[in-house]
Amino acid sequence: MALKVEIHQKENVMPFSPTPHSLKNYKLSQIDQIEGTYYISMLFFYNSSAHHHDYDELKQSLSKTLSVLYPLAGRLKDEMTIECNDEGVEFVRANVTNYDLSDFLQICTLDLLQQLLPFDPYPLEFDPSQPMLGIQVNKFRCGGTAVALCIWHGVADASAIGGFVQTWTAINRGEGGRGDLVVDGAAIFPPALNFDFSAPTSAHARLNKTSRGKFSLKRFVFRKEEIERMRDEYMLSDRRRPTSVEALSAFLWAALIRANQNAKMHILVQVIDLRKRLNPPFPSMCLGNFLYVAAARWMRENAGVTAQSLVGKIREAIVKVTGDHVRKIEAQGGLTAEIEKLVAFGVDAIKIFGISSLCGFPFHEFDFGWGKPIWSLATPFHLMDAANFYKTGDGGIEALIGVTPQVMSSLDKDKEFIARVSCIQTMSSELPTLPSNY
């Protein structure tokens with residue numbers, strides 16, 4: 001049955017108090033420029049309960065939040081600057097008229113999730129007049145709510161989104177928000193001159209739209225007990241246990257290597273938050289992009305692949321990423337130069353897989369006063385040979401994995417992989433849904 005989403009109202013929400021003239025210009029960093037080709041979208045699902053979901057109150061608290069995180073209410077002035085002119089953000093109220101929330105979560109796919117968003121996160125053309133932020137509040141037939149947001153990646157990464165939602169939910173509960181979330185990232189990573197957002201934006205949108213049907217996306221849930229067993233089994237060389245994310249990354253990477261027998265080199269790329277790795281460190285969850293990547297390699301000529309043999313490579317790559325390391329790489333030509341070295345090895349001989357972990361952010365705890373969300377996720381429309389990790393409410397991890405149908409079929413048949421999975425949900429609408437009990 002098709003999802004019926006009826007737009008009830010569209011409004012422009014402005015900051016509760018005007019931004020001081022001294023704060024009118026917010027400078028983008030070079031990392032902001034690189035990331036600013038699309039919007040990150042996130043969804044938070046809340047059950048109907050004894051708590052009334054007051055959307056007028058939600059709009060008012062959003063206005064107050066914009067006074068704290070004032071760049072979100074601005075517009076792009078040029079390739080290096082957001083003008084904090086208080087033009088506001090888009091706030092949409094919608095009704096899902098033919099589904100209860102519990103039923104929707106059983107059948108949700110990428111296409112259905114996208115209908116809950118305020119606008120397309122992958123615009124074909126770059127529009128500097130587009131709001132930095134859009135919110136759509138979706139009321140389900142049962143009274144449950146999905147709060148969906150699209151935020152321009154050039155102004156926020158996942159950690160920054162955490163700071164925004166944490167501030168918004170706290171203000172909606174009648175508590176104060178943090179005041180240290182707007183920082184000068186451009187002082188650390190100065191912006192590139194004459195940067196053009198148009199070409200990469202169009203290229204990213206076309207890649208996303210043309211590749212959607214070529215990749216299968218599934219949600220794999222790993223219980224806390226299973227993650228703990230992995231940590232015990234994949235002990236590091238110094239006899240320390242790996243983190244939950246390191247252990248699951250090694251487990252997944254090993255399965256993917258088994259599924260891709262032809263590649264001579266396998267590279268696992270993990271997104272790293274630099275905020276606490278800089279000297280001096282930046283506030284956690286502050287606005288902007290403070291991202292870099294750690295890359296671990298495995299060569300086909302090595303001994304047989306196991307998660308135990310990979311976890312040390314993952315830890316070594318992660319530990320290496322410091323503020324000084326990033327500055328050194330940037331001075332040598334940045335990630336572009338690193339990619340050119342890989343190309344020289346031979347593109348056909350390399351298989352790259354990326355992992356972004358959001359386990360360190362309390363997205364599953366953000367409470368507007370309605371109780372904690374029953375599910376939250378960054379909508380994974382661009383997961384191509386990549387995975388997102390999220391913490392579950394009971395301490396486990398769910399992995400949204402996007403790979404080709406051939407590789408996904410191999411994972412489905414990999415007994416070692418499937419044995420540790422507690423639930424599987426197909427998120428690509430063009431593919432059949434597998435049973436959820438394994």
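Couple of notes before you dig in:
- ASP127 vs. criteria assigned by TED's automatic domain parsing to the domain that holds LEU149 and free of Cβ contacts under 8 Å to residues at least 40 places away in the same chain: yes
- Within region 41-100, the set of residues being crowded, with 21+ Cβ neighbours inside 10 Å and among the aromatic types (Phe, Trp, Tyr) comprises PHE44, PHE45, TYR46, TYR70, PHE91, TYR99.
- The set of residues in region 266-309 being of a type in the set (A, V, I, L, M), assigned to a strand (DSSP E or B) and within 16 Å of the chain's Cα centre (by Cα) consists of VAL269, VAL271, ILE272, LEU291, VAL293.
- Residue pairs meeting the criteria (Cβ under 7 Å; at least 6 apart or on separate chains; first without any contact (Cβ under 8 Å) to a residue 24 or more places away in the chain, in region 222-238; second surrounded by 15 or more Cβ atoms within 10 Å (Cβ to Cβ) and in a helix (DSSP H, G or I)): ARG231/SER244; ARG231/ALA247
- Qualifying helices (runs of 4 or more DSSP H) (wholly inside region 1-109; at least 3 residues being in contact with a strand residue (DSSP E or B) (Cβ under 6 Å, 6 or more places away or on another chain) and farther than 23 Å from PRO123 by Cα): 55-68
Condition check ((1) outside the structural domain of ASN262 (by TED's automatic domain parsing); (2) assigned to a loop (DSSP other than H, G, I, E, B); (3) more than 13 Å from the chain's Cα centre (by Cα)) across all residues:
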{"residue": "LEU377", "(1), (2), (3)": "no, no, no"}
{"residue": "PRO380", "(1), (2), (3)": "no, yes, no"}
{"residue": "ASN388", "(1), (2), (3)": "no, no, no"}
{"residue": "GLY395", "(1), (2), (3)": "no, yes, yes"}
{"residue": "LEU400", "(1), (2), (3)": "no, no, no"}
{"residue": "SER410", "(1), (2), (3)": "no, no, yes"}
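- Residue that is nearest to GLU398 (Cα to Cα) [pool: residues in region 208-220 that are touching a residue at least 12 places away in the same chain (Cβ under 8 Å) and not in a strand (DSSP E or B)]: PHE215
- Selected residue (criterion: farthest from GLU125 (Cα to Cα)) from residues of region 221-235 that are assigned to a helix (DSSP H, G or I) and hydrophobic (A, V, I, L, M, F, W, C): MET230
- Here VAL13 passes the criteria (1) surrounded by fewer than 22 Cβ atoms within 10 Å (Cβ to Cβ); (2) touching a residue at least 12 places away in the same chain (Cβ under 8 Å); (3) within 23 Å of the chain's Cα centre (by Cα) except the one numbered (3).
The values are calculated or read from the model by the stated rules, or taken from the named source; none is laboratory data. Note that this is a predicted model, so its numbers are computed, not measured. Heads up, the Cβs are rebuilt from the backbone with ideal geometry, glycines too, and the neighbour counts pull from every protein chain shown.
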